[in-house]
1. Which residues' amide hydrogens lie under 5 Å from the amide hydrogen of residue 85, considering only partners 5 or more residues apart or on another chain, with H built in the peptide plane?
2. Pulled fully out, how much extra length does the chain show between residue 221 and residue 75, if you take 0.36 nm times their separation in residues and subtract their Cα-Cα distance?
3. Starting from the amide H of residue 36, placed 1.01 Å from N in the peptide plane, find each other amide H under 5 Å away whose residue is 5 or more places distant or on another chain.
4. Work out from phi, with θ = phi - 60° and the Karplus expression 6.51 cos²θ - 1.76 cosθ + 1.60, the ³J(HN,Hα) of each residue of the stretch 150-162, listed in order in whole Hz, and give x for Gly and Pro.
5. Taking the Cβ of residue 33 as the centre, find all other residues whose Cβ is under 14 Å away and add up their charges (Lys, Arg: +1; Asp, Glu: -1).
6. Give me the dipole magnitude in Debye, nearest 20, for the chain about the Cα centre, with unit charges on the beta carbon: positive for Lys and Arg, negative for Asp and Glu.
7. Past 23 Å, Cα to Cα: identify those pairs from 111/220; 62/111; 129/220, in the order given.
8. Which aspartates and glutamates have a Cα lying under 17 Å from the Cα of residue 155, excluding residues fewer than 8 positions away in the same chain?
Amino acid sequence: MLYHASEVLVAPLIRAYFKPRVSGQEFVPRTGPAIIAANHLSAADEVFTPITAGRQVLYFAKAEYFTAPGLRGRITAWSFREFGHVPVDRYNPRAAANAVDVGVELLGQHKALGIYPEGTRSPDGRLHKFRTGVARLALRSGAPVIPVGLIGTDKVLIEGDRHWYRAPVEVHYGPALDFSGRPEDERSSRKLREVTETIREAVQKLSGQDYVDSYGSAVKAGE
(Lines give C-alpha, C1' and ligand atoms only; values in the text may rest on other atoms or scores of the structure.)
Protein backbone atom coordinates (compact mmCIF):
# COMPACT_ATOMS: atom_id res chain seq x y z
CA MET A 1 0.00 0.00 0.00
CA LEU A 2 2.73 2.48 0.99
CA TYR A 3 4.79 1.64 -2.10
CA HIS A 4 1.88 2.21 -4.47
CA ALA A 5 0.99 5.47 -2.74
CA SER A 6 4.57 6.72 -3.01
CA GLU A 7 4.75 5.65 -6.66
CA VAL A 8 1.73 7.82 -7.43
CA LEU A 9 2.46 10.77 -5.12
CA VAL A 10 6.16 10.92 -4.24
CA ALA A 11 8.07 9.43 -7.17
CA PRO A 12 6.78 12.01 -9.71
CA LEU A 13 7.87 14.82 -7.40
CA ILE A 14 11.37 13.36 -7.02
CA ARG A 15 11.67 12.91 -10.78
CA ALA A 16 10.45 16.47 -11.39
CA TYR A 17 12.82 18.00 -8.83
CA PHE A 18 16.02 16.09 -9.61
CA LYS A 19 15.32 15.41 -13.30
CA PRO A 20 17.56 12.33 -13.44
CA ARG A 21 18.97 11.52 -16.86
CA VAL A 22 17.87 7.97 -17.65
CA SER A 23 18.76 5.62 -20.48
CA GLY A 24 18.03 1.99 -21.27
CA GLN A 25 14.71 1.71 -19.44
CA GLU A 26 13.54 -0.58 -22.21
CA PHE A 27 15.98 -3.21 -20.93
CA VAL A 28 14.10 -3.57 -17.64
CA PRO A 29 11.41 -6.25 -18.05
CA ARG A 30 8.00 -4.97 -16.99
CA THR A 31 7.11 -8.34 -15.46
CA GLY A 32 8.88 -11.51 -14.41
CA PRO A 33 12.02 -12.04 -12.35
CA ALA A 34 14.97 -9.68 -12.74
CA ILE A 35 18.18 -9.02 -10.85
CA ILE A 36 18.92 -5.28 -10.85
CA ALA A 37 22.69 -5.14 -10.28
CA ALA A 38 24.13 -1.67 -9.72
CA ASN A 39 27.19 0.16 -8.48
CA HIS A 40 26.73 1.64 -5.01
CA LEU A 41 27.62 5.28 -4.34
CA SER A 42 25.03 6.50 -1.87
CA ALA A 43 21.99 5.58 0.21
CA ALA A 44 20.10 7.59 -2.43
CA ASP A 45 20.73 4.75 -4.91
CA GLU A 46 17.72 2.91 -3.51
CA VAL A 47 15.56 5.89 -4.43
CA PHE A 48 16.77 6.68 -7.93
CA THR A 49 16.80 3.11 -9.20
CA PRO A 50 13.17 2.25 -8.32
CA ILE A 51 11.73 5.57 -9.55
CA THR A 52 13.37 5.06 -12.95
CA ALA A 53 13.04 1.28 -13.37
CA GLY A 54 9.34 1.35 -14.12
CA ARG A 55 8.52 -1.35 -11.56
CA GLN A 56 8.96 -2.11 -7.87
CA VAL A 57 12.48 -3.17 -6.93
CA LEU A 58 13.00 -5.07 -3.66
CA TYR A 59 16.16 -4.71 -1.59
CA PHE A 60 17.79 -6.46 1.33
CA ALA A 61 17.99 -4.34 4.47
CA LYS A 62 19.76 -4.65 7.80
CA ALA A 63 17.70 -6.69 10.26
CA GLU A 64 18.18 -3.94 12.86
CA TYR A 65 15.73 -1.76 10.92
CA PHE A 66 12.99 -4.29 11.66
CA THR A 67 13.68 -4.81 15.36
CA ALA A 68 14.32 -1.31 16.74
CA PRO A 69 12.32 -0.61 19.93
CA GLY A 70 9.65 2.02 20.51
CA LEU A 71 7.14 3.74 18.28
CA ARG A 72 9.77 5.04 15.89
CA GLY A 73 11.17 1.53 15.53
CA ARG A 74 7.75 0.09 14.76
CA ILE A 75 7.09 2.78 12.18
CA THR A 76 10.46 2.15 10.55
CA ALA A 77 9.86 -1.60 10.44
CA TRP A 78 6.39 -1.08 8.97
CA SER A 79 7.62 1.29 6.27
CA PHE A 80 10.46 -1.04 5.29
CA ARG A 81 8.05 -3.96 4.97
CA GLU A 82 5.59 -1.86 2.97
CA PHE A 83 8.32 -0.95 0.49
CA GLY A 84 9.19 -4.65 0.18
CA HIS A 85 12.58 -4.55 1.91
CA VAL A 86 13.78 -7.92 3.14
CA PRO A 87 15.60 -8.21 6.51
CA VAL A 88 19.07 -9.77 6.58
CA ASP A 89 20.99 -10.43 9.80
CA ARG A 90 24.53 -9.22 9.07
CA TYR A 91 25.86 -10.91 12.21
CA ASN A 92 24.64 -14.35 11.23
CA PRO A 93 27.60 -16.39 9.87
CA ARG A 94 25.24 -17.70 7.19
CA ALA A 95 23.90 -14.25 6.29
CA ALA A 96 25.27 -14.28 2.74
CA ALA A 97 23.98 -17.81 2.06
CA ASN A 98 20.61 -16.95 3.58
CA ALA A 99 20.37 -13.82 1.45
CA VAL A 100 20.92 -15.86 -1.70
CA ASP A 101 18.27 -18.37 -0.62
CA VAL A 102 15.75 -15.60 0.07
CA GLY A 103 16.68 -13.83 -3.16
CA VAL A 104 16.08 -16.97 -5.23
CA GLU A 105 12.70 -17.38 -3.53
CA LEU A 106 11.72 -13.79 -4.37
CA LEU A 107 12.85 -14.19 -7.96
CA GLY A 108 10.77 -17.37 -8.11
CA GLN A 109 7.80 -15.12 -7.28
CA HIS A 110 8.66 -13.02 -10.36
CA LYS A 111 9.95 -10.07 -8.32
CA ALA A 112 12.67 -7.61 -9.31
CA LEU A 113 15.51 -7.81 -6.79
CA GLY A 114 17.98 -4.98 -6.41
CA ILE A 115 21.52 -5.88 -5.38
CA TYR A 116 24.80 -4.03 -4.95
CA PRO A 117 27.49 -6.60 -5.76
CA GLU A 118 30.22 -4.44 -4.21
CA GLY A 119 28.59 -5.24 -0.87
CA THR A 120 29.02 -1.71 0.47
CA ARG A 121 29.03 1.89 -0.70
CA SER A 122 32.16 2.88 -2.58
CA PRO A 123 34.57 4.56 -0.15
CA ASP A 124 36.21 6.65 -2.86
CA GLY A 125 33.86 6.89 -5.84
CA ARG A 126 35.61 4.12 -7.73
CA LEU A 127 34.10 0.72 -8.60
CA HIS A 128 35.36 -2.01 -6.31
CA LYS A 129 35.60 -5.77 -6.63
CA PHE A 130 32.24 -7.55 -6.82
CA ARG A 131 31.30 -10.35 -4.47
CA THR A 132 30.02 -13.55 -6.06
CA GLY A 133 26.56 -13.49 -4.48
CA VAL A 134 25.15 -11.87 -7.61
CA ALA A 135 26.50 -14.76 -9.70
CA ARG A 136 24.98 -17.32 -7.33
CA LEU A 137 21.62 -15.60 -7.61
CA ALA A 138 21.77 -15.51 -11.40
CA LEU A 139 22.96 -19.10 -11.85
CA ARG A 140 20.60 -20.64 -9.31
CA SER A 141 17.49 -18.69 -10.29
CA GLY A 142 18.08 -18.34 -14.03
CA ALA A 143 16.77 -14.78 -13.78
CA PRO A 144 18.22 -12.16 -16.15
CA VAL A 145 20.69 -9.67 -14.71
CA ILE A 146 20.05 -6.04 -15.63
CA PRO A 147 23.27 -4.04 -15.12
CA VAL A 148 22.84 -0.48 -13.85
CA GLY A 149 25.29 2.40 -13.78
CA LEU A 150 24.51 5.14 -11.27
CA ILE A 151 26.25 8.51 -11.54
CA GLY A 152 26.06 11.49 -9.19
CA THR A 153 23.96 10.04 -6.38
CA ASP A 154 26.86 10.55 -3.96
CA LYS A 155 26.48 14.30 -4.55
CA VAL A 156 22.76 14.19 -3.74
CA LEU A 157 23.08 12.41 -0.40
CA ILE A 158 26.57 12.62 1.04
CA GLU A 159 27.54 9.98 3.57
CA GLY A 160 27.15 11.35 7.09
CA ASP A 161 24.91 14.21 5.92
CA ARG A 162 21.14 13.95 6.21
CA HIS A 163 20.52 16.82 3.78
CA TRP A 164 19.55 16.03 0.19
CA TYR A 165 21.23 18.25 -2.39
CA ARG A 166 19.99 18.97 -5.89
CA ALA A 167 22.72 17.61 -8.15
CA PRO A 168 22.85 15.98 -11.60
CA VAL A 169 22.00 12.27 -11.46
CA GLU A 170 22.24 9.67 -14.20
CA VAL A 171 20.78 6.16 -14.20
CA HIS A 172 21.80 3.93 -17.09
CA TYR A 173 20.34 0.45 -17.64
CA GLY A 174 22.09 -2.06 -19.86
CA PRO A 175 20.94 -5.09 -21.88
CA ALA A 176 20.00 -8.16 -19.87
CA LEU A 177 22.73 -10.69 -19.15
CA ASP A 178 21.50 -14.28 -19.42
CA PHE A 179 23.10 -17.01 -17.31
CA SER A 180 20.14 -19.38 -17.31
CA GLY A 181 20.56 -23.12 -17.80
CA ARG A 182 23.88 -23.19 -15.94
CA PRO A 183 23.01 -24.06 -12.30
CA GLU A 184 25.97 -26.45 -12.06
CA ASP A 185 28.39 -23.53 -12.57
CA GLU A 186 27.61 -22.38 -9.04
CA ARG A 187 29.78 -25.24 -7.78
CA SER A 188 32.85 -23.84 -9.55
CA SER A 189 34.64 -20.92 -7.91
CA ARG A 190 36.30 -20.10 -11.23
CA LYS A 191 32.98 -19.91 -13.09
CA LEU A 192 31.39 -17.94 -10.26
CA ARG A 193 34.15 -15.36 -10.61
CA GLU A 194 33.80 -15.34 -14.42
CA VAL A 195 30.07 -14.62 -14.20
CA THR A 196 30.69 -11.99 -11.54
CA GLU A 197 33.30 -10.27 -13.71
CA THR A 198 30.96 -10.27 -16.71
CA ILE A 199 28.39 -8.44 -14.61
CA ARG A 200 31.00 -6.09 -13.17
CA GLU A 201 32.29 -5.13 -16.61
CA ALA A 202 28.75 -4.37 -17.79
CA VAL A 203 28.09 -2.16 -14.75
CA GLN A 204 31.43 -0.38 -15.14
CA LYS A 205 30.72 0.37 -18.79
CA LEU A 206 27.52 2.11 -17.72
CA SER A 207 28.90 3.96 -14.67
CA GLY A 208 32.19 5.01 -16.26
CA GLN A 209 34.06 4.47 -12.99
CA ASP A 210 37.68 3.49 -12.56
CA TYR A 211 37.99 -0.06 -11.25
CA VAL A 212 39.89 -1.16 -8.16
CA ASP A 213 40.57 -4.89 -7.72
CA SER A 214 39.88 -4.87 -3.99
CA TYR A 215 36.72 -5.08 -1.91
CA GLY A 216 35.27 -1.78 -0.78
CA SER A 217 34.87 -3.12 2.75
CA ALA A 218 38.62 -3.88 2.90
CA VAL A 219 39.43 -0.33 1.81
CA LYS A 220 37.13 1.06 4.52
CA ALA A 221 38.83 -1.14 7.10
CA GLY A 222 42.25 0.12 5.98
CA GLU A 223 43.43 -3.30 4.82
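1. Excluding prolines and chain starts, which carry no amide H, the hits are 59.
2. Contour length minus Cα-Cα distance gives 49.3 nm.
3. Here 113, 114, 115, 146 satisfy the definition.
4. Couplings: 9, 9, x, 5, 6, 8, 7, 10, 7, 4, x, 10, 7 Hz.
5. Numbers: positive: 30, 55, 111, 140; negative: 105, 178.
Net local charge, residue 33 excluded: +2.
6. Once rounded to the nearest 20, the dipole reads 280 debye.
7. On the way: 111/220 32 Å; 62/111 20 Å; 129/220 13 Å.
From the list (111/220; 62/111; 129/220), the Cα-Cα distance tops 23 Å for 111/220.
8. 45, 46, 124, 170
The values are calculated or read from the model by the stated rules, or taken from the named source; none is laboratory data. Remember, it's a predicted structure, so these values are computed and weren't measured experimentally. Reconstructed Cβ throughout: ideal geometry from the backbone, glycine too, with neighbour counts over all protein chains shown. All accessible areas refer to the heavy atoms of the entire protein, side chains included, with ligands and DNA or RNA removed. Shrake-Rupley method; radii C 1.70, N 1.55, O 1.52, S 1.80 Å.
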